[in-house]
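Below is one structure, written out as structure tokens, with a few remarks after it.
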Amino acid sequence: MSEAVPEPPHLSGWRYRAVVLSVVGSALGYLGFSLWGGWQAVGAAVSEVGLLGIVIALFMSSVNYGLRFLRWQTYLNVLGHPMPWRPSLTIYLAGFALTTTPGKAGEALRGVLLKRWGVPYPQSFAAFFSERLSDLFAVVLLTLFGLSLYPQAWPMIVVGVALVVVGLVVLSQRRLLERITERVPTGSGQMLGLLRHLLQVLVHAQHCHRLRLMLGLTALSVVAWSAEALAFDWILKWMGADIPLTFAVFVYALAMLAGAVSFMPGGLGGAEAVMVGLLVWKGMNSADAVAATVLIRLATLWFAVAIGAVMLIKLKSEATMPRVQPIQ
């Protein structure tokens, strides 16, 4: 006989409503941005880039996701929770469905999905925190490629460097973090509980930032984000823009940094403003600058959201799939 497997709490309806609202709200905002730039310019850009160019851009985004997944698997291994790659990849990609949340915080959904695999929240959230810090470090390094071409970006880059340094300094104080954790009262207060969990996450994240491991995974992160930056450069070239590779990489990295420090959903608004502003400053007309920005964001951010939504639907269907029980 068969019986329906109860839907796990991590796949409950309200979370799906949150996903839908997040994606729809961000998509509407992006639609407004695209309309502001003019659909004719976007259509012309698509024609210039061509189907092959779009496929190449999506492939470069896939390279980015694949390398970051390898980093994620490494973090889980270091934290003592090796995962089979197939379910881990599905869970990792499902997190992209919530990329359009402030600071990409919704991607922490992976930790909730990993709970059924026996990965405690402190470890999964430690991997998530380590990911964000590694991404920030990689993007800051990439901005240095063309900084001499636009020195006005120094303040934003300094903010990014400061965030990385603060994160690494905090993680280097393992004994201090453990002592503070031990002294936090084990009462049932919500704030104390949140503080205790945060400290536990930081203690576990320290394992992911040992020097040799951190250097290797930072290099992997730089390569991952360089793939999307190269796709941006190629889109500009296919559109006929006279933009040097170093400046294109700088623009893309600075836009990602702006989106990260703005804590806007998916970096929306901040990233686009930086891209369009710098491309216009470099000589592109505004319509083409907006069109190029829309294309690269569709091929990176929105491609990731689409993959994440598909994976999340897959997980939900698996959770409600009838399970055959042996006949007694």
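Structure summary
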item	result
Boolean, T218 is more than 24 Å from G66 (Cβ to Cβ) and in contact with a Phe, Trp or Tyr (Cβ under 6 Å, 6 or more places away or on another chain)	no
Contacts under 7 angstrom Cβ, first residue in the stretch 178-199 being more than 21 Å from F129 (Cα to Cα), partner modelled with pLDDT under 75, 6 or more apart	V184/L192; P185/L192
Any hit, the stretch 217-228, residues being surrounded by fewer than 17 Cβ atoms within 10 Å (Cβ to Cβ) and either farther than 30 Å from P120 by Cβ or in contact with an Asp or Glu (Cβ under 7 Å, 6 or more places away or on another chain) (or both)	yes
Matching residues, the stretch 105-153, being hydroxyl-bearing (S, T, Y) and under 25 Å from Q200 (Cα atoms)	Y121, S124, S130, S134
Residue ID - modelled with the highest pLDDT, chosen from residues in the stretch 145-192 that are exposed (fewer than 11 other Cβ atoms within 10 Å of the Cβ) and polar (S, T, N, Q)	Q152
Residue in the stretch 193-200 that is surrounded by 15 or more Cβ atoms within 10 Å (Cβ to Cβ), among the polar types (S, T, N, Q), at pLDDT below 95 and within 30 Å of P122 (Cβ to Cβ) present	yes
Residue within the stretch 242-255 that is under 14 Å from the mean Cα position of the chain (by Cα), at pLDDT 90 or above and either under 25 Å from L141 (Cα atoms) or assigned to a helix (DSSP H, G or I) (or both) present	yes
Hey, H204 touching a Pro at 6+ places or on another chain (Cβ under 6 Å) and not aliphatic (A, V, I, L, M) or not	yes
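The values are calculated or read from the model by the stated rules, or taken from the named source; none is laboratory data. These figures come from a predicted structure and were not determined experimentally. Cβ coordinates were reconstructed from backbone atoms using ideal geometry, including for glycine residues, and neighbour counts include every protein chain displayed.
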